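This report refers to the structure that appears directly beneath it.
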Amino acid sequence: MIRKVILIISVLLATTMSAQENLQREAIATNTKKAFTIVKKNPVTSVKNQWRSGTCWAYATLGYFESEILRKTGKTYDLCEMFVVNKDYMDCATHYVRMHGYSQISEGGSCDDVLEVIRHHGICPENAMPAPGSLTGDSLANFKVFFPELEKRVSGTVRRDAKEPLPHWRDSVQAVIDRYIGSCPESFVYEGKTFTPRSFAENLGLDLDDYVSLTSFTHHPFNQWFIIEAPYKWRLKPSYNIPIEQLMEAVDKALDAGFTVAWGGDVSGDFTRTGLAMLPDGIVPTQQMRQEQWDDWRFTYDHVMLIYGKAVDEQGKPYYMVKNSWGESGDYKGTWYMSRDYIALNTTYMFLNRHALPKALDEEIRKSGL
């Protein structure tokens, strides 16, 4: 009888402990809304929504350039993400064919894609093209049907054992892109003036040579350029490699000086849908930890956002204010509060203005020749 009572009590205790653990896990997963005190907040344009498309890189980087224009001129622009996507996917298809199929066709991209599209093709305002998804029935960008068709069309241009790609493949691929994304305008009227995409880009006041990508890994030497081995960085543009402490210092200096920073990194781990990203207590990010997680794929490159401010939580722990492209979702209406430790561990690269860098770092980069 005593054994039976003990067994029943043990089961009840185990059940209670299990329920408590589940509640704790649930509390951690939902991340009860925290209160923050803003330390620095730089102006940005409105939050956009990439919807069912893997185009965070376009939304974040155009948001970054919009904030750069706002900082320099005080003028607010709404630049067209689908213009960039249209041109970039065609550039990516061209690269794929030139590589005889030994490349990747994907929805993803990087800040360098947006920079190069503006440099070579220009840009247009949002209202100069059809609204995202309007050609396929959705009110926002939805690539569920579009991208599989594009992948099939592009991969089909490079036949096994062929001596040349299919004839007129460019027209065929561009037709698919235009059908779902919309055709890029050759000219348009903005505030009473007629522009081409190139002349409009020139009118924005951006010096496209001002922007640099910084990273921090030990499988390449510090203080040198290298191409980050990430599937979505197909343009093979190099980033300047520095220690993580120096990279974080550069971000802080930029924000304090009124600049924003485009961030490319990992959101597959301790990144919630409620607007918070933080490491579990006790984890202190190091250079070695970054490298180990990169090499064993625990840390990857899967999202791009815009860092525009700094804040502290109730305990004084530092966070960055980050503009996402998932509409006004989460507890903070489209802003994510990402702890400094989380950023230090999960950053693939930072994209920012050279003039925001510490003087010594800027001089070092300029001496490197890029």
query: Which pairs have Cβ atoms under 9 Å, sit 6 or more apart or on different chains, and link a residue in segment 359-370 that is over 15 Å from residue 210 (Cβ atoms) to one that is not hydrophobic (A, V, I, L, M, F, W, C)?
result: 364/223; 364/240; 368/223; 368/224; 368/240
- request: Identify all residues within segment 122-142 that are over 21 Å from the mean Cα position of the chain (by Cα) and either without any contact (Cβ under 8 Å) to a residue 60 or more places away in the chain or closer than 30 Å to residue 228 by Cβ (or both); write none if there are none.
  value: 127, 129, 130, 131, 134, 135, 136, 137, 139
- line: Looking across segment 272-286 at residues that are small (Gly, Ala, Ser) and surrounded by 16 or more Cβ atoms within 10 Å (Cβ to Cβ), the single one that is nearest to residue 323 (Cα to Cα) is 275
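Got a sec? Which strands (runs of 3 or more DSSP E) wholly within segment 195-261 have at least 2 residues that are open to solvent by 40 Å² or more (accessible area, probe 1.4 Å)?
Details: elements: 211-215, 224-226, 239-241.
Ranges flagged: 224-226.
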field: Some residue of segment 294-310 being under 26 Å from residue 141 (Cα atoms), among the basic types (Lys, Arg), touching a strand residue (DSSP E or B) at 6+ places or on another chain (Cβ under 7 Å) and not in a loop (DSSP other than H, G, I, E, B)
entry: no
query: When segment 44-67 is examined, which residues are found to be open to solvent by 20 Å² or more (accessible area, probe 1.4 Å) and free of Cβ contacts under 8 Å to residues at least 60 places away in the same chain?
result: 46
query: Taking segment 68-97 as the region of interest, how many residues are without any contact (Cβ under 8 Å) to a residue 60 or more places away in the chain, within 20 Å of residue 188 (Cα to Cα) and open to solvent by 20 Å² or more (accessible area, probe 1.4 Å)?
result: 3
task: Return the pairs, sorted by first residue and then second, in which the second residue is of a type in the set (Phe, Trp, Tyr) and assigned to a loop (DSSP other than H, G, I, E, B), the first residue lies in segment 289-307 and is open to solvent by less than 20 Å² (accessible area, probe 1.4 Å), the beta carbons are less than 8 Å apart, and the residues are 6+ apart or on different chains.
output: 290/217; 290/299; 291/217; 301/232
query: Within segment 181-189, is there a residue that is assigned to a helix (DSSP H, G or I), in contact (Cβ under 8 Å) with a residue 24 or more places away in the chain and open to solvent by 40 Å² or more (accessible area, probe 1.4 Å)?
result: no
Residue tally, condition modelled with pLDDT of 95 or more and either assigned to a loop (DSSP other than H, G, I, E, B) or of a type outside the set (A, V, I, L, M, F, W, C) (or both), over segment 100-128: 16
- prompt: Looking at segment 44-56, which of the residues that are of a type outside the set (D, E, K, R) and in contact with a helix residue (DSSP H, G or I) (Cβ under 6 Å, 6 or more places away or on another chain) is nearest to residue 307 (Cα to Cα)?
  reply: 44
- request: Take segment 126-168 and flag every residue that is in contact with a Cys (Cβ under 6 Å, 6 or more places away or on another chain) and surrounded by fewer than 17 Cβ atoms within 10 Å (Cβ to Cβ).
  value: 126
query: Has segment 198-214 got any residue that is closer than 15 Å to residue 122 by Cβ and of a type in the set (Ser, Thr, Tyr)?
result: yes
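The values are calculated or read from the model by the stated rules, or taken from the named source; none is laboratory data. Keep in mind it's a predicted model, so treat the numbers as computed, not measured. Cβ atoms come from the backbone with ideal geometry, glycine included; neighbour counts cover every protein chain shown. With ligands, DNA and RNA removed, areas are computed over all heavy atoms of the protein, side chains included. Shrake-Rupley method; radii C 1.70, N 1.55, O 1.52, S 1.80 Å.
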